[in-house]
Every structure is written in C-alpha cells, then in structure tokens.
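> Here it is: the structure, laid out below.
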Amino acid sequence: MNCLQAEEHFSAHLEDTLDYQTLQGFEGHLGECEVCQQEYARFQESVKAVQELPQIEPSPYFMSTLQQRLATEQREPGSVKAIATTSWKQLLDLFRRPKWAFSGIMVLILTVAGTYFYQERPLFDQNPRPVSGTTMSQGEQITTSPETLRIELPRFVRNSRQFAPSDVLSTPTQPMQQRYMLKQVSYTNASTSGGL
Amino acid sequence: MPELDDELMERYQKGDENAFTLLVRRHQQPLVNFIARFINDRDSAEDLAQETFIRIFKAANRYKSEGAHFKTWMYHIASNLCKNELRNRGRRDRYRVDNVVNSGSDSDGDTEQIDLIASAPANPELQPEIALERKELRNAIQQAISELPEQYRLPLVLRDLQGLSYDEISEVLELRSGTTKSRINRARLMLKEKLKPFI
C-alpha cells in the first residue's frame, strides 16, 4: 500500500470498518511511513474538532412562527387541506405514480389511433377527387358536398388537377379571371403585367 | 417509550394535528443546526427549517412509511431547499457573511462557560486566552466547512455534525454507498488541509 492508497482508508480506519486484509496493509504502511502517521493524526484531530462544534439552537419563537405560517398556508385558497380534499387533485395525484401515468398515456395513444383508423377515409385526403365544375370562368359551381368542402374548397382546380403556380407562369395567355386567382396564390412571383 | 417518527406521521395522516407538532419539536433543533452549518447563516436557517416543515405538512398525504424514513425524507427536502438558496445567492452574488459564529455563539455561550470552569487552569489569567483560541478554532472550522464544494460539504455535515449513518446519507442524497463513503473521506481530507494552521 502506498501513501495515496492509505489516505483513501483514513475514514474507514477511523470508524473501524476496514476488512482484515486492508487493515493489515494500512497499519503496515503506517508503521513504516512517518508522513502518513502525522497526516493520519491530523486527520483524526480535525474530524474530532468538527464533531465537537456546538449545536445551534432554534430561537424560542421558532414554533410560534411556524404555526403562524402554517395557519396562513391553510387559509389561502387552494391550500393544503383544500387541495387534499379536491377530487380532481386526488385524480391527478394518481398519475404521479409511474404505472398510472404510463397507463394513461397508452390509453390516450390508443384512443387517438383508434379514432384515426376507424374512419372510412384518412383525416387528410392526399388525392382529392376531381371537382365537377373546373373553372369559375365558365360559371360552373364547385362541388360542395360536406366531404369535399372541408379540403377542396380552398384549392384552385383546373382541368381535374391542382393548380400550381408553375402552370400559370408557363402559360401566359390564361383568361383574366384565372390569372387573377393565381395572383391571390402567389402574386409576388407571378408576372403582374404592370398591375398590382 | 417515545413513538417512532413514522407512527407520528401515520397519526397525523389520520387527522391528529398534535402528532405533527410533536414531530416538529423533535426535529427542529437538529434541522436548524444542519441548515445553519451547511449554508453558514443562522437567520436563513430558521426560515428554511420552517419551510421544510411546511413542505412536509403539505406533502404528508403522499408520505409512505414503507418508503424512505421520515428523518431521511426531512433531510432530503431540507438539502434541496438549501441548494436552491445557495444557488439563488450565487445568482444575486451576495453571499452572507459568517452569521453562525457571531449570533450563534450566544446560544452556546453557557456551554462554553461550563467547559471553561471545568477545565480552568490554575492561573485564571489564562482563561480568556483559551476561550479566544476555542472561538477562533470554531470560526476557522465553520469557515473551512463553508468553503468546501457543495457535493462534499453536504455529506460531511450530515455525517460529522448530524450523526447520520452512511446508509441514511446515501438515502438523503440518493447516492450509492461507495460514493457517499468516498465523498465523506475526501471532504475530511480537504478539511484537514484547510485547518493545517490551527491543528
């Protein structure tokens, strides 16, 4: 055992918790090493000095002040007792336990997943059906069944497909009303021909 | 035979408010001593000790005796409050000066006097010298403790000033037993170096 290793065992030796083999090694080293002997003696003295520090007493008003503070806590709305007796709080307390919290999260996930998969169509239709009335310029109506109204109304549809800005940029000879609709979509990129 | 802390907590959970008062009376002194020694401030120690009891009072419904013991639970709450307090002080950059020694010495003045009488040397002129030396040493020890890094100071105070076992300290600090032992030994070694001019 060297000096550093011996130092690691100072507390254990002081408290008599070293196993026999380590004790032999420690005391063997201390018998040979004068520096460690001195250091260990100083170690014992400083521990003793700390343990002999006087106890600090609370003031005589400690209890009365505490009682006042507790009374204030109880009077406040939503205080200890009020909270403890509220049923929703008791319910929330249940979910502080990991098992209950995990179960709650699983139920929530299953509910959302179930709702999603039980629908006939996905919530967000990736391929909207073509609308019977293609352009507004022809005076035809856009289909407004409840199913399509939600998703398809905001889109501008031409020739049974979605109307993209690139379509219009490459076809400058569109009727005025169609171009006007395009400007609503992206008027910053589209050619405005001097207007807007 | 005095009731165990857990029994008192059970009584309090069933609505007996006197049981809580008994718990406070039993633990107020060790708790104030622990906090004052740890944060080196007697005035704040009273405040934080009261805050600890208020937290215990609030969380009493969640306390389960088969889990942590009352004493370790109490020290765990107090330690966290102390850490927060020290962190807030660090933010404010306004560290309180040694309040323990100045105002705390009043309370142990009687003890000191008794000690002096018991160990009075033949020459009475030496008495004030001894008293001064002791006070200096106590100040130096308290100062040295407060200069230790928090992670070493906390287990040291719990062990050497509060007399908790290694297992209890591990429970309070949520550390493994080996880590607790090694931190306490390291803290004592640091303290030995700091107290070199005095011991």
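The values are calculated or read from the model by the stated rules, or taken from the named source; none is laboratory data. None of the values given here were measured: they were computed from a predicted structure. Here Cβ is always computed from backbone atoms with ideal geometry, including for glycine, and neighbour counts include all displayed protein chains. The area values use the complete protein model at the heavy-atom level, side chains included, leaving out ligands, DNA and RNA. Shrake-Rupley method; radii C 1.70, N 1.55, O 1.52, S 1.80 Å.
> Of the conditions (1) open to solvent by less than 20 Å² (accessible area, probe 1.4 Å); (2) under 29 Å from B:Q151 (Cα atoms), B:K71 clears all except one; give me its number.
Exception for B:K71: condition (1).
> Considering each of A:E73, A:E39 in turn, give the residue that is within 29 Å of B:T52 (Cα to Cα) and among the acidic types (D, E). Please lay out each step first, then the result.
Numbers: A:E39 fails: within 29 Å of B:T52 (Cα to Cα).
Matching residue, one of A:E73, A:E39: A:E73.
> Give me the pairs, please: first residue somewhere in region A:14-41 and among the polar types (S, T, N, Q), second residue anywhere and open to solvent by less than 90 Å² (accessible area, probe 1.4 Å), beta-carbon distance under 8 Å, and either six or more positions apart or on two chains.
Pairs that qualify, where the first residue is among the polar types (S, T, N, Q) and the partner is open to solvent by less than 90 Å² (accessible area, probe 1.4 Å), are A:T22/A:H9; A:T22/A:A12; A:Q37/A:L30.
> Within region B:119-152, can you find the residues that are away from every other protein chain (no Cβ under 11 Å), surrounded by 14 or more Cβ atoms within 10 Å (Cβ to Cβ), more than 15 Å from the chain's Cα centre (by Cα) and at pLDDT 80 or above?
Residues satisfying the conditions do not exist here.
Residue-wise test of (1) of a type outside the set (A, V, I, L, M, F, W, C); (2) open to solvent by 80 Å² or more (accessible area, probe 1.4 Å); (3) touching a helix residue (DSSP H, G or I) at 6+ places or on another chain (Cβ under 7 Å).
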residue: A:F10; (1), (2), (3): no, no, yes
residue: A:D19; (1), (2), (3): yes, yes, no
residue: A:E32; (1), (2), (3): yes, yes, no
residue: A:Q44; (1), (2), (3): yes, no, yes
residue: A:P54; (1), (2), (3): yes, no, yes
residue: A:P60; (1), (2), (3): yes, yes, no
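> So how many residues does region B:167-188 have that are crowded, with 19+ Cβ neighbours inside 10 Å and within 22 Å of B:I141 (Cα to Cα)? Spell out the reasoning first.
Looking only at region B:167-188, we keep the residues that are crowded, with 19+ Cβ neighbours inside 10 Å, and these are B:168-173, B:180-181, B:183-188.
Filter once more, keeping what is within 22 Å of B:I141 (Cα to Cα): B:169, B:180-181, B:183-188.
Qualifying residue count for the region: 9.
> Take the conditions surrounded by 15 or more Cβ atoms within 10 Å (Cβ to Cβ), facing chain A (nearest Cβ under 8 Å) and of a type in the set (G, A, S) and apply them to B:A19. Does it pass? Can you show your working first?
Working: surrounded by 15 or more Cβ atoms within 10 Å (Cβ to Cβ): yes; facing chain A (nearest Cβ under 8 Å): no; of a type in the set (G, A, S): yes.
Criteria not met by B:A19.
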